[in-house]
Amino acid sequence: MNPAGSVFTDLAWIDLLFLAQGAIGTLKISAISILAGTIVGIILGWMLAAGNIFVRLLVNTLLDVFRSVPLIIQLILFDSFVSIAGFPMPAFWSGTIVLSVYTAALVAMVARAGIEAVDPNLRRAARSLGMSYWQDMRYVVWPVGLRAVFPSWIGVSLSVLKDSSLVYAIGYIELLRASQILTTKTQESFKIMLLVGLFYFLMSYPISKAGEYVEKKWQQ
C-alpha cells in the first residue's frame with residue numbers, strides 16, 4: 001500500500017506488460033538493424049577485400065568515422081539533423097537507420113576477415129576449374145568464409161541488441177526507456193533493473209545458443 005498522498009505507485013502486473021512491450025520494441029529495432037546492417041556490411045566488406053586502393057581508402061575512412069564516434073552521439077546528431085533539414089521522422093526510424101549503419105560498419109570488418117580467411121590456393125584451384133569470379137565467391141569464398149567468421153557475427157548481433165538501448169536518447173521507448181519511466185513512477189529501481197536484466201538475458205541467450213548449435217552442425 002502507498003502512504004496517503006504519495007505520488008508513487010507500487011509495481012504492478014501492468015508494469016510488467018509495459019516492460020514486455022519495451023522488450024518487443026528492442027527486438028523489433030534490433031532485428032531490422034541487424035538484417036539491414038548485415039546486408040550492407042557484407043557489400044562493404046567485399047569492397048574492402050576486393051576493391052582497388054582508392055575504394056578501400058574511401059570505405060575505410062567512412063567506416064572509421066562510424067566505429068569511432070560513440071553511438072549515442074550518432075543517434076542524437078542524425079535525429080537533430082533530419083529535424084533541422086525539415087524531414088523529421090519517428091524515433092523508431094531514426095534509430096533504425098543509425099543502428100543499421102553502425103551494424104554495417106562492424107559487419108564490414110567481419111565480412112572482410114571472412115573473405116581474407118579463405119586460402120588463396122583454394123581460390124586459384126576454383127578458378128583453374130573454370131569457375132568465374134562470382135561462382136568462386138558463391139561456391140567457395142562465402143561458404144568457407146562464413147564458417148570462419150560466424151561466431152564474430154553472432155557477437156556483433158548481441159552487441160547491437162544491447163546497444164539498441166541507446167535509442168532512448170531520441171525518445172524511442174524500448175526496454176531501457178520503459179524501465180526509466182517505471183522507475184520514475186514507482187521508485188522500485190532495484191526490482192525493475194532485475195527485470196530488465198532478465199528480459200535482456202531472455203533475448204540474448206537464445207541467439208547465443210542458436211549460434212552454438214549452427215557451429216556444431218557445421219563441424220559434423
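The values are calculated or read from the model by the stated rules, or taken from the named source; none is laboratory data. All figures in this text were calculated on a predicted structure; none of them were measured in a lab. Virtual Cβ from ideal backbone geometry, glycine too; neighbours counted across all protein chains shown.
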Of the criteria (1) closer than 20 Å to Leu19 by Cβ; (2) part of a helix (DSSP H, G or I); (3) touching a residue at least 40 places away in the same chain (Cβ under 8 Å); (4) β-branched (Val, Ile, Thr), which one Val156 fails:
(1)
Checking Glu215 against (1) within 25 Å of the chain's Cα centre (by Cα); (2) surrounded by 12 or more Cβ atoms within 10 Å (Cβ to Cβ); (3) modelled with pLDDT of 85 or more, which single condition isn't satisfied?
(3)
Residue that is farthest from Ser94 (Cα to Cα) [pool: residues in the stretch 155-182 that are among the polar types (S, T, N, Q) and crowded, with 18+ Cβ neighbours inside 10 Å]
Ser179
For Ser80, only one of the following conditions fails: (1) at pLDDT 90 or above; (2) surrounded by 15 or more Cβ atoms within 10 Å (Cβ to Cβ). What is its number?
(2)
May I ask you to say which residue of Ile115, Ile73 is of a type in the set (Val, Ile, Thr) and touching a residue at least 60 places away in the same chain (Cβ under 8 Å)?
Ile115
Near pairs, Cβ below 6 angstrom, 6+ apart or cross-chain, from the stretch 44-57 (without any contact (Cβ under 8 Å) to a residue 40 or more places away in the chain) to any residue that is of a type in the set (Asp, Glu):
none
Tell me the residue from Leu99, Leu106 that is touching a Lys or Arg at 6+ places or on another chain (Cβ under 8 Å) and either touching a residue at least 24 places away in the same chain (Cβ under 8 Å) or over 12 Å from Ser33 (Cβ atoms) (or both), please.
Leu106
Given the criteria of a type in the set (Val, Ile, Thr) and closer than 16 Å to Leu48 by Cα, does Val118 qualify?
yes
Could you check the stretch 26-39 and list, in sequence order, the residues that are among the hydrophobic types (A, V, I, L, M, F, W, C) and surrounded by 17 or more Cβ atoms within 10 Å (Cβ to Cβ)?
Ile29, Ile32, Ile34, Ala36
Given the conditions (1) under 21 Å from Trp153 (Cα atoms); (2) among the aromatic types (Phe, Trp, Tyr); (3) surrounded by fewer than 13 Cβ atoms within 10 Å (Cβ to Cβ), which single one is not true for Phe66?
(3)
Residue, farthest from Ala49 (Cα to Cα), within the stretch 124-136, restricted to residues that are without any contact (Cβ under 8 Å) to a residue 12 or more places away in the chain and part of a helix (DSSP H, G or I):
Ser128
Filtered residues of the stretch 77-93 (kept if over 17 Å from Leu176 (Cα atoms) and part of a helix (DSSP H, G or I)):
Leu77, Phe78, Asp79, Ser80, Phe81, Val82, Ser83, Ile84, Trp93
Answer residue from the stretch 4-25, given it is more than 19 Å from Leu166 (Cβ to Cβ) and at pLDDT 85 or above and is surrounded by the fewest Cβ atoms within 10 Å (Cβ to Cβ) among those:
Leu17
